[in-house]
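See structure below.
A short reminder: the numbers here are calculations on the coordinates, not readings from a lab. Since this is a predicted model, take the numbers as computed values, not measurements. Heads up, the Cβs are rebuilt from the backbone with ideal geometry, glycines too, and the neighbour counts pull from every protein chain shown.
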Amino acid sequence: MHFIRNFKKLHSGPKLSLLLLRAIKSYSSVNYKKAIECLQKESPVAYTWTMEEPIEHWCKNTFETTKEELDNSTNFVESFNNVLDECGDLPMFNICEKIREILTDWFVKRKLEPEGWTSRIVPSMKEKLSKFESEAWKFMFRLCGDNIWEVHDGWTQLVHDLNTRTCDCNY
């Protein structure tokens, strides 16, 4: 996010931003190369600035795909630091008791929270799924053989083999 904001500060124009976003969101090296070549043609200065940062830090196709990324939206350690700040100079026993009380409250809250849900899918995942669903209309699928599909997104065409679980995008 900072990368995009800094880019926009130095290089204005919706076309440059769009080209950078295409490069950032590319799942395959082919799509990345197309987008980055277009960026270079449009603005060599923007291209040079972009390439100063290692692509492993900002391009999706270079991210590790074998591990699932954990969503750490509530930093556990930070929460405990806040508790310890509240405790001040209390003796260790009192600090441990305060931590136990807070953990008990958290566990009870987590246990009661799902009772109001209308589905077995947690709300945060429902939100992510609806986002994917709203973006899925952009894709066109064509069956090419026994579980082999072509997927078109309006800009690129990739072949997915469901039998071998492979894709041209290497994702």
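Once the C-beta distance of residue 148 and residue 108 is scaled by a Förster radius of 45 Å, the resulting FRET efficiency is 0.30 to the nearest 0.05.
By the rule of a C-alpha distance below 19 Å, with chain neighbours fewer than 8 residues away ignored, the aspartates and glutamates paired with residue 126 are 68, 69, 71, 113, 115, 135. Label 7 Å along Cα→Cβ of residue 18; segment 132-171 residues with amide nitrogen under 20 Å? Of the residues in segment 132-171, 135-140, 152-157 have backbone N under 20 Å from the label point off residue 18.
The peptide list 23-33, 104-114, put in order of mean Cβ contacts within 10 Å with the highest first, becomes 23-33, 104-114.
For the pair residue 141 and residue 94 in one chain, pulling the backbone fully straight at 0.36 nm per residue adds 10.8 nm over the alpha carbon distance.
Sorted on the mean count of surrounding Cβ atoms within 10 Å across their residues, most packed first, peptides 136-144, 161-169 read 161-169, 136-144. Extending 7 Å from the Cα toward the beta-carbon at both residue 159 and residue 49 defines two label points whose distance is 4.0 nm. Note on 97, 115: ascending count of other Cβ atoms within 10 Å places them as 115, 97, the fewest first. May I ask you to work out the translational diffusion coefficient for the chain at 10 °C, viscosity 1.306 mPa s, via Stokes-Einstein with Rh from the Kirkwood sum over Cα pairs, reported in whole µm²/s? Answer, rounded: 77 µm²/s.
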